[in-house]
Each structure stands twice: as structure tokens, then as C-alpha cells.
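Working notes, beginning with the structure itself.
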Amino acid sequence: MSTTSERAERPSSDAGFMFWARVYAPLLPCILGFACMRIGAAFTLGGLYMGTDRGVYTDGPNVVSLVLFALVGIVMFRTGFVFRKRLVNRVLLAAVLVHALAIVAMVATVLAGVFSPSVRFGLLCVVSFAATVCTLYWLRRMRGASMASGAVMILASLIGSELVVFVISFVPDPLARSVVSSLFALCQIPCARWARTRPRAYQIDVAPSTRDHFAFVQQGVATPRFLAASAAGIAALALVVGFLRGYPSGDPVALTPTARVLALVLTEGIFIGLLAAVLRGKSSAMSVGMWIVMELLAACSLVLYCMFHGHLEYGAALVSALNSVMSAFVWHIIIAFMTYGKRDPFYYGIVVWCLWMAARSVGRFVPFSIGMGYSADSHLAGTIVSLALLVSTQFTFVKLTDVAVFSARMEERELCRGRVSRALAENEELSKAAEDAGIIASSASSDAVRHADAASTEGASAREQAISALGSLDEQQGKGSAFERLLGLDDAAGIGEVREALLSHNAEVMGKQFLLSDREVEVLSLYASGMTQKRVAERLHISTTTAHTHITRIYAKTGLHSRQEILDYMREHVEGPTAG
């Protein structure tokens, strides 16, 4: 299928930047807001560009937030709670204010001389919870976006925020850094108000690629498997990232000025390269490409750790870049979950964030607490990290291979569905002919009536078998693993809704193309979904004869001659709706 954006003339190399700047201009408020969130939380929690992390003061507060978010997620899972638009806006306002006030409270306690480790930890827990809420808000605004739009928002915001954080990291006074971070956090409020006046991300005229894991309608039920595999891969790699941040003894590794520059250049280079690949239409950049980059960063950081025992900051620079890249990947996957899932977007953000943070925290603290870290030398720790990296790589490879196999099976089932649909149409025609024959033969002889009844019964039986086969396929496609159910990706009804919405949209487009009446568009949508003429009549509360008349007129106006030809025309000539 072609789309408007695909038919548009590609920009020349000189005008390329202006072209893309104009296309993605509606995302500017989200880009700035997300960048402000990142800067506001960078120093308070992670100490970005100052070290691998701050030990218990980084992942410790995240663990507390994880518990709170997990409780919220459980309630949402059981009740199906949905955040309304007004409530979402209020949640952001409250989170931003709490975030800024918590930072101000830390500054005030230091100046008052009552600052203590327990006070610091408690306030950091508040900052962690509030900053995560803000993160999920900005990702929520991107639901329904194409892969390119989601990637542009995340990568552009990170390219800008990483540079700002790098500059601020050289400010010697920690209180000054805290004040600056609180000001950036507050800047999210005007950005959010600005964003509400701009078109939403899914309205941007850049179509998703059919190879893109955001193109849910095209990929159908393979999408939950891909998202589940991505979530599992995130957890596996996060264990390694957590271990590398504390290598080799469990203590944070400080970054020297040289290492800070190395981390910045590497991080910005990766993000700029990914953004350029996305704008060139390489949809695999944000999936396969990012996996390769993350695995390479993890492996190379371990090599540098082992090569330079006295200069761990070189390996730490790569770990810092790895953590930023993995954050971008997790946020991108969260947008995908929010776009696909039928639950409230916050639910998917909470689940994926908790999965990521829990795995990273386990990798950060558990191995060192049980003596797997540095003893006489770092060989044991290096071996453990190598094994964990190998396991995570193989695990992710196996899971993604399973997705490919599953997708092939679903494609085979869809072909079977097409054959069943054709058989359904043929048997419907047979049944109609048998009914007509029965009417004519009623005045002829009893033998002819019996033959007509038998043919009608045979046609009805064949229809029932075909409908049963279609229902069996839907049931197989709707099943999900326990992990997929936890992630909220087993919604078989949701899959049906997506298919119904697609057919309804395609029928409307065909209605405009062939000047069909509103009733004919309704009939076309239901008939293309596989319903018999009798079912269409029951659904629309009309007679079977009227339904048959509408279908006959549809065939005459479109020049098509069967249900399969209608479906083929929709696939080849009608654009599908934007995901979300």
C-alpha cells in the first residue's frame, strides 16, 4: 500500500533538514518537555556525566518507586481503571510541582544544616516517583505515533538534553546544580500547555513502514509476541547494565573530565546516527539496530574495564552511554506498548518501567551483596558479566526468532482464512441457488423439493463449518502466554476491534471512490469482514433480500465480483488508518 508521505518527493540533501523540521514541527513541545524532564532528573537521581550512578541513592529510590508503581499497576489491572484527559493533565502538574519542591527541600535542608542520609534518601524517593510520572506523561502523548515520530521525539530530546547535562556537570556547586535541575523540571508545565495546542503525534503525515513494529494493523497478532520478546530482552540486558554500573566492587565509578567527553561524544554520536537512519526510512534502526549497539557497548565496556584496571573511568564512560541508549530503547518500546494495548497507556508504561528498573536494580546490588564482585582481582566479576551478557544475547535472539516463526504461522493462517472466506462465499451462493431451486421446484414434484432441501442443508452445513474454522483461527490468535497477559497484550477482543476498525475505514474510502451510499458502506464493511448476507441483514436489522440487493449494487459500482476481490482491492489500493 502506498501512503501520502511515501508518495511525497524526498528532500534534497541541502533542504533535508528544513523538510524534516517542518514535518516534525508539531513534536517540538514534546521534545522540549521531555528534554526538561530528563535534565531535571539527571543530577538529582543519576548523577549523569559525573559517574556510573550514585549507588544506593540512584537505584534505591527507584526500587521504592517501583513498589508504589507496582501497586498502582495491580489496581489498574484488576479494575481496568482509565485516566481521563483532565485527570492526566492534573497528574502532570502535581508531579512537576512535587519534583521541583522535593529538590528545593533538599537544598533547604542542606542550608539549614539538617541534611542527613535518611532525609536525602526520602526526598530522592519523592523525586524518583514524580520524575517517572512525568516521563510516562510525555510518552503517553506519543501513543499512536509511527515508529519514526516516536523515535524523533525521543532521540531529538536526548540529543539536546545530553549536551545540557554535560555542561551543567562541570558546575562545582551541587546546590547550584539542584536549583538548575528544579527550574528545568518546572519548564515542563508551559511545554505541556503548548503541546495541547499542537497536532497529536499520530496526526503527523509520516506513514509507518510495514516492517515497523508500530504498524500494528499490518502485523496483527505478531505484535504482542514482539513486544513481549522486547520486554523480556530488556529485563535480561538490564541485569548486565546493573552489574556494569557497579563493576568490579559494587561502588560507583567516577568519571574524569576526559571520560565525560568520551561519554558525551559516544552518546551523541549514537543518537545522531540513529536519528539519521530513522529519517532515511530504516525502520530496523530502533529495533535490531539498537539491540546491536547496546550489546556492543556492554561488551566493549567490559573489555575496557579489564584492560585498564587503574583507569575504570574509560569503561564507565561506555557504561554511561549504554545506560542512556537503553533508556531511549525502553522509552521507545513503552510508546509501542501504549499504542498497541487496549488498557490505559499508563498501565503499559508502569509495567515496562518496573520490569526494566527491577532487573537493573537486581543486577546492581544482588551480585555484589553475595560476594560475586571484586576480591583479589576482577577476573571473577568479568567472567560473570561475560556470562550474563552471553545469556541475555542468546535469550533475546531466541525470543525474537520465536516472533519470526510465530509471524510466519500467522501468515499461513491468514492464507487459510482467505481460503475459508472463499469457501464461505461459494457455499453462500450454493445455498441461495438451492433456495431459489426449492421455490421453483415446489410446484413440480416432491423429489425435486427433497433435492433442493438437501442442497440447502449442505450449503448451510458448509457455512457453519467455515464460520467455525474462522472462529477457531481467531481463538488461536487471541491466546497469549502468562507473561503476555501480565503485560496486557492478550486482548483478543482488541485484535478484533483493530481488524473491524481497519475494514470500516477501508469501506469508507471505497465508498468515496465509487460513490457508494452510507448504507452500502455499512454493508461493505460487514460483508468484507466475512459475514454472510443473512448475518449482515441481522446486524443492520434489514431483510436478507435488501442485504443481497445492496451487495449486488456494490459489485456493480465497484466492478468487483467476489468478497475476495474486495479484500484484495482493499489491501492493494486503500490506505489503512494511522495506528492508535
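Quick test of your reading of the structure: Gln394 fulfils all but one of (1) in contact with a helix residue (DSSP H, G or I) (Cβ under 7 Å, 6 or more places away or on another chain); (2) more than 21 Å from Thr52 (Cα to Cα); (3) open to solvent by 30 Å² or more (accessible area, probe 1.4 Å); (4) modelled with pLDDT of 75 or more. Name the failing condition by number.
Here Gln394 clears every test but (1).
I'd like the residue in segment 304-328 that is assigned to a helix (DSSP H, G or I) and modelled with pLDDT under 90 and, out of all such residues, is least open to solvent (accessible area, probe 1.4 Å).
Tyr305
Collect the residues in segment 44-81 that are crowded, with 20+ Cβ neighbours inside 10 Å, of a type in the set (S, T, N, Q) and more than 24 Å from Pro172 (Cβ to Cβ), keeping them in residue-number order.
Asn62, Ser65, listed by residue number.
Which count do you get for residues in segment 226-242 that are modelled with pLDDT of 85 or more and open to solvent by 10 Å² or more (accessible area, probe 1.4 Å)?
Qualifying residue count, segment 226-242: 3.
Condition first: at pLDDT 90 or above and open to solvent by 90 Å² or more (accessible area, probe 1.4 Å). Now tell me which residues in segment 82-94 satisfy that.
Within segment 82-94, just Arg90 meets the criteria.
Any residue that is outside any helix (DSSP H, G or I), touching a Phe, Trp or Tyr at 6+ places or on another chain (Cβ under 8 Å) and in contact (Cβ under 8 Å) with a residue 40 or more places away in the chain - is there at least one of those in segment 251-272? Don't jump to the end; show me each part of the working.
Applying the first criterion (outside any helix (DSSP H, G or I)) to segment 251-272 yields 251-256.
Next, from what is left, pick out any that are touching a Phe, Trp or Tyr at 6+ places or on another chain (Cβ under 8 Å): 253, 255.
Narrowing further to those that are in contact (Cβ under 8 Å) with a residue 40 or more places away in the chain: 253, 255.
Yes, some residue in segment 251-272 is outside any helix (DSSP H, G or I), touching a Phe, Trp or Tyr at 6+ places or on another chain (Cβ under 8 Å) and in contact (Cβ under 8 Å) with a residue 40 or more places away in the chain.
Can you name the residue in segment 540-569 that is part of a helix (DSSP H, G or I) and among the small types (Gly, Ala, Ser) and, of all such residues, is surrounded by the most Cβ atoms within 10 Å (Cβ to Cβ)?
By that ranking, first place goes to Ala547.
Determine which single condition Gln188 fails, assuming it passes every other condition in (1) open to solvent by 10 Å² or more (accessible area, probe 1.4 Å); (2) within 27 Å of Ala102 (Cα to Cα).
(1)
Of the residues that make up segment 120-131, is at least one crowded, with 19+ Cβ neighbours inside 10 Å and within 18 Å of Cys30 (Cα to Cα)?
yes
Pairs under 8 Å by beta carbon, first residue part of a helix (DSSP H, G or I) in segment 274-288, partner of a type in the set (S, T, N, Q), six or more apart or different chains?
Pairs that qualify, where the first residue is part of a helix (DSSP H, G or I) and the partner is of a type in the set (S, T, N, Q), are Ser283/Ser209.
The values are calculated or read from the model by the stated rules, or taken from the named source; none is laboratory data. The model shown is predicted, which means the values in this text are computed figures rather than measured ones. Backbone-built Cβ (ideal geometry, glycine too); neighbour counts: all protein chains shown. Heads up: the accessible areas ignore ligands, DNA and RNA and are worked out on the full protein's heavy atoms, side chains in. Shrake-Rupley method; radii C 1.70, N 1.55, O 1.52, S 1.80 Å.
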